[in-house]
């Protein structure tokens, strides 16, 4: 049975923990708003880029001379997994759910006899995957020093990936990140970025390929596609990083909200047993005094 | 309303500008070109340079742009720039840094066209810097 003093100490320590989690929740909420705004602001660019690429990609349909970034190397042997996670923990299952998705993917590829290379973005993903795939991780990018992820950082990663691709280091690249659904739902997602999958969003068809509209291209279509494809990789990575940022703060916010609530429950329980024990002690002292008086 | 075209300048990080304009001059890979309402559909990659936006009532606005492409469609002009900064937001230090980068590009250029183009960027930036210093001087007095 813990003494009254012990209980008091425990209540105090849980209370200070609760203060910390409460503060973290509020900080995460503020940062979440900023991350969401950034993701929102980046959307028009990515959308227009996708639309233009989709209409240009149609040029290559059924042709054999498509650039490798679009058509692939023709092989499917070496896979590069780009795993984007957070820099910090204390965000519930955020980091581990992305890592789990990547791990399952990697295991499936390995069992098929494929070669797997892993590029981790964010320290946490590296920490988790390092245990199981120590030899597969080729590089790690960390944004610990960066306050707000900008396009420059995404571009740098993209340049690294493109250099690896140009050197024939891999055939297929897949990007892992958490898509931001809402504060309580972040969906770990895998997107193949090389070779590019051009989606044709509904309505895009009408917008660009309006009947009777003949586009002129300068210098020419091929040159534009070749210029756009690497850019598209940067944009996809940038977008994933932004989504990830918003998801991270969303996850952290709900995790810290839970923690604050749990701490509250714990304080209640501890307070109850503290009060009981104090009452028991008072009763015991009274009995001692009364029985002492009776004995006289 | 006077006939204008819808102009959108988008950088990866944000929508820089979305407004009606009368004429827009854009640095295409094969030279500067001006788009007005009713321009034929046209798509081109961009070089480092300056976008000049002329509107009805407002004074011409200048944007520094680096890389990207322009899409002229019947609906209007969309510029997807890798980096795009309104000149009005550009600080003196920022400008100086850009001048240095441009000068390095100029030094590294090896074909006559590249050199001409890099030279254009350098002198354009220098002009802007001078203009900015005049403006700042006016504010100070």
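Please treat every number below as a calculation from the coordinates, not as lab data. These numbers were taken from a predicted model, which means no experiment stands behind them. Note that we place each Cβ from the backbone using ideal geometry, even for glycine, and neighbour counts take in every protein chain shown.
When only C-alpha pairs under 8 Å and at least 6 residues apart count, what is the relative contact order of chain B, in percent? That works out to 19 percent.
Each of A:34, A:239 was scored by other Cβ atoms within 10 Å of its Cβ. Listed from fewest to most, they are A:34, A:239. Working from label points 7 Å from Cα in the Cα-to-Cβ sense, the residue B:36 to residue A:100 distance is 6.3 nm. Per residue of peptide A:72-83, the mean number of Cβ atoms on other chains within 10 Å of the residue Cβ is 0.
The distance from the alpha carbon centre of the stretch B:5-22 to that of the stretch A:275-296 is 82 Å, rounded to a whole number.
By DSSP, the beta bridges lying fully in chain B are antiparallel in about 90 percent of cases.
Counting 0.36 nm for each residue step from residue B:18 to residue B:54 and taking away their Cα separation leaves a gain of 11.6 nm. Take every Cα-Cα distance within the protein assembly as shown, group them into 20 Å bins from 0 onward, and report for each bin the whole-number percent of pairs it holds. With 20 Å bins starting at 0, P(r) equals 20, 44, 23, 8, 4, 1. Decide, for the stretch B:26-70, between rounded, prolate and oblate: order the square roots of the alpha carbon gyration tensor eigenvalues as a ≥ b ≥ c, take rounded if a/c falls under 1.5, and otherwise choose prolate if a/b is larger than b/c, else oblate. Judged from the Cα gyration tensor, the stretch B:26-70 comes out oblate (a/c at least 1.5, b/c at or above a/b).
Each principal axis of the stretch B:5-87 carries a Cα extent, and these read 26, 25, 21 Å when sorted largest first.
Between A:56, A:175, A:272, the GNM of chain A built on Cα springs shorter than 10 angstrom shows A:272 fluctuating the most. To the nearest 0.05, what FRET efficiency results for residue A:268 and residue A:293 with a Förster distance of 41 Å applied to their C-beta separation? Here the calculated transfer efficiency is 0.60.
In terms of other Cβ atoms within 10 Å, A:294, A:169, A:288 run from fewest to most in the order A:294, A:288, A:169.
For chain A, a Gaussian network of Cα nodes joined below 10 Å ranks A:143, A:180, A:238 by mean-square fluctuation, and the top entry is A:143. For the stretch A:4-39, backbone nitrogen atoms closer than 19 Å to the point 7 Å from residue A:277 Cα along Cα-to-C-beta are found at A:4-17.
Given their separation in residues at 0.36 nm each and the Cα-Cα distance between them, residue A:131 and residue A:4 gain 41.3 nm when the chain is fully extended.
One decimal place: the segment residue A:187-residue A:216 gains 6.4 nm when fully extended, by the rule 0.36 nm per residue minus the C-alpha distance.
Shown for A:177, A:215, A:45: other C-beta atoms within 10 Å of each C-beta, ranked fewest to most, produce the order A:215, A:45, A:177.
Whole-percent P(r), chain B, all Cα pairs, 5 Å bins from 0: 2, 10, 18, 21, 19, 15, 9, 4, 1, 0. Between A:283, A:120, A:174, which gets the highest mean-square fluctuation from a Gaussian network model of chain A, Cα cutoff 10 Å? In the Gaussian network model the winner is A:283.
Model label points for residue B:115 and residue A:142, set 7 angstrom from Cα along the Cα-to-Cβ axis, are 4.7 nm apart. Placing dummy labels 7 Å off each Cα toward the beta-carbon, the span from residue A:159 to residue B:101 is 1.1 nm.
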